[in-house]
Each structure stands twice: as structure tokens, then as C-alpha cells.
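Data first, discussion second: the structure below is written as C-alpha cells.
The values are calculated or read from the model by the stated rules, or taken from the named source; none is laboratory data. Given the structure is predicted, the values throughout are model-derived calculations rather than measurements. Glycine gets a Cβ as well: all are built from the backbone with ideal geometry, and neighbour counts include every protein chain shown. We work out accessible area using only protein heavy atoms, side chains counted, and drop any ligands, DNA or RNA first. Shrake-Rupley method; radii C 1.70, N 1.55, O 1.52, S 1.80 Å.
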Amino acid sequence: MGLLKQRILDEGKVLPGNILKVGSFLNHQIDTELVFEMGKEIVRVFGHKNITRVLTVESSGIPIAFMAAHFLKVPMVFAKKSKSKNISEDVYSVEVPSFTHKNVNTVIVSKNYITKDDNVLLVDDFLANGCALLGLNELVKQAGATTAGAAVAIEKGFQDGGKKVREAGIDLHSLAIIARMDDEHVYFAD
Ligand code: 5GP
């Protein structure tokens, strides 16, 4: 997606630890026009798949998932990072290591908001090692629902998340795939 790639080139900052900072348009301040276009692009790719719910994990996937769900005319659900050690019977839960914070979050979603009849599109902002998307996929499995596919804004193709997600049989579409990046520059895969 050209618009997104141009913003990454213009405003992205590469931080130590293979982290790309895109706070000026996606992760802190949000360019709603850009996210609107991202939502439309996700629907162009997945619109034919009879999706019934869009699932992301708080917090940075929410704007993109919201736009995709809006255009798909289905509810958007965000899995929550639980602060409590006592997980209630009313939720599905999974442990997800965080790429950016280096901790492990217990991520939960209410059993009311994914059911076995759902065909779920997973959405996130970044794909690095795949823990977030595979965790969301696990929540879908616990519900006995189906994963229709996964859409991410930025896949860091030099990390192995894309491979793991595709090997799990998930139809993955990334709006921008970064082949490599250094202090000076970001290089896209295509
Ligand atoms: P994964 O679970 O695939 O290892 O990492 C994906 C999650 O970590 C995303 O939800 C995203 O919030 C965060 N993340 C991974 N890499 C980056 C990055 O380079 N920049 C930012 N801002 N977040 C990232």
C-alpha cells in the first residue's frame, strides 16, 4: 500500500532492537485519513470472505481493526490485557509475549464476543515474531470459531512471524512488508 509505505519512509524512525517507531501517524498520533484507506484496502482483500467479526488486541491494533470492521459492517472486538491473575470462566485467555515491552501478557476476550459460528479476521499494526497474531488465533480456536485471515499494517519480513503465521495456515495479508531496515533507511520487500 503506497500511502503507508511513503509515510513510513517520511516519518518512521528505526530504534535499537529492530523497532520501527511510527508514532506520528499510527501508534500515538493517528492519521485518520490514512487509517481509513487502510481499512478500505483490508476490505478489498478480505471482503469476499463472509467475515462476521474483526479481532485485535489492545491497544495499537484498535484503529485499524475499527476501520476494517466498519467497512465490513461487522463488530470489532479487542482482546484485553488482563491485570488480574484470576482468569474468570467467562473469558477465553492466552499468554502472549510482548515484542516491544519484553513481558508476557495474559490476553482475554469475553466468551460473549466470539462464538463458534464466527468467521474472524485478525488485525494488528505490526507483525514481528508472530506472538500477537498467533495468540489471537488461539482465542478464536478456543471459541471453536474459524479464522478467516489476518491483516497487518506493517510486517517486518526479516523476522519470522510472517512465516509462522502462514505455516499455521492463516491467510495473511500485510499492507507493507519491510525487507530490512537500518538507522538510515527502511527497505520494502517489493
Ligand atoms: P509479534 O507479536 O508479532 O512479535 O509483535 C507484534 C506486536 O508487537 C504488535 O502488536 C506491535 O504492537 C508490537 N511491535 C512489534 N514490532 C514492532 C515495531 O517495530 N514497532 C512498533 N511500534 N510495535 C511493534
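At a 10 angstrom cut-off on C-beta neighbours, averaged per residue, how do the peptides 148-155, 58-65, 117-124 rank from highest to lowest? Walk me through the numbers on the way to the answer.
Working: 148-155: 24.8, 58-65: 20.4, 117-124: 23.2.
Packing order, densest peptide first, comes out as 148-155, 117-124, 58-65.
Span-like helix check, the chain: qualifying full DSSP H segments, with Cα axial length of 20 Å or more and mean Kyte-Doolittle of -0.5 or more, are 32-46. The residues packed around Gly161, meaning those with a beta-carbon under 14 Å from its beta-carbon, carry a net charge of -1 if Lys and Arg are +1 and Asp and Glu are -1. Shape analysis of the stretch 23-123 places it in the oblate category; the axes a ≥ b ≥ c from the Cα gyration tensor give an a/c of at least 1.5, with a/b not above b/c. Which residues in the stretch 6-45 place their backbone N less than 17 Å from a point set 7 Å from the Cα of His101 along the Cα-to-Cβ direction? Inside the label zone: 27-28.
Tally Lys/Arg at +1 and Asp/Glu at -1 over every other residue whose Cβ is under 13 Å from the Cβ of Met38; what's the total? List each step's numbers first, then the result.
Working: positive: Lys5, Arg7, Lys40, Arg44; negative: Asp31, Glu33, Glu37, Glu41, Asp124, Asp125.
Spelling it out: positives minus negatives among the neighbours equals -2.
Assuming charge only on the beta carbon of Lys and Arg (+1) and of Asp and Glu (-1), the dipole of the stretch 73-130 about its Cα centre is about 200 debye to the nearest 20. Remark: for residue pairs Lys40/Lys141; Lys83/Lys164; Lys40/Lys111; Lys40/Lys73; Lys73/Lys163; Lys85/Lys116, the C-alpha separation exceeds 20 Å in Lys40/Lys141; Lys83/Lys164; Lys40/Lys111; Lys73/Lys163; Lys85/Lys116. Mean residue ellipticity at 222 nm, helices only, the chain: -9000 deg cm²/dmol; runs of at least 4 DSSP H residues each add -39,500 (n - 2.57), and the sum is divided by the number of residues. Solvent-accessible surface of the stretch 1-112, taken per residue with a 1.4 Å probe and all protein chains present: 58 Å². Between Arg44 and Ala168, the C-beta separation translates, for a Förster distance of 35 Å, into a calculated FRET efficiency of about 0.90.
For the stretch 83-190, the list of trypsin sites (Lys or Arg not before Pro) that fall in a loop by DSSP and count at most 15 other C-beta atoms within 10 angstrom reads Lys83, Lys85, Lys102, Lys111, Lys116.
What is the percent carbon and sulfur in the accessible area of the stretch 73-120, measuring with a 1.4 Å probe over the protein chains and ignoring ligands? The partial results should precede the final answer.
Values: 1690 of 3320 Å².
In the stretch 73-120, the share of accessible area belonging to carbon and sulfur is 51 percent.
Over the chain, the fraction of Cα-Cα pairs per 10 Å bin, rounded to whole percents and listed from the shortest bin up, is 10, 39, 37, 13, 1. Computed from point charges on the beta carbon alone (+1 for Lys and Arg, -1 for Asp and Glu), the dipole magnitude for the stretch 1-70 about its Cα centre is near 240 Debye. Each label was represented as a point 7 Å from its Cα along the Cα-to-Cβ direction; for Ile87 and Asn112 these points are 2.0 nm apart. For the stretch 129-149 versus the stretch 1-71, the inter-centroid distance based on Cα atoms is 19 Å.
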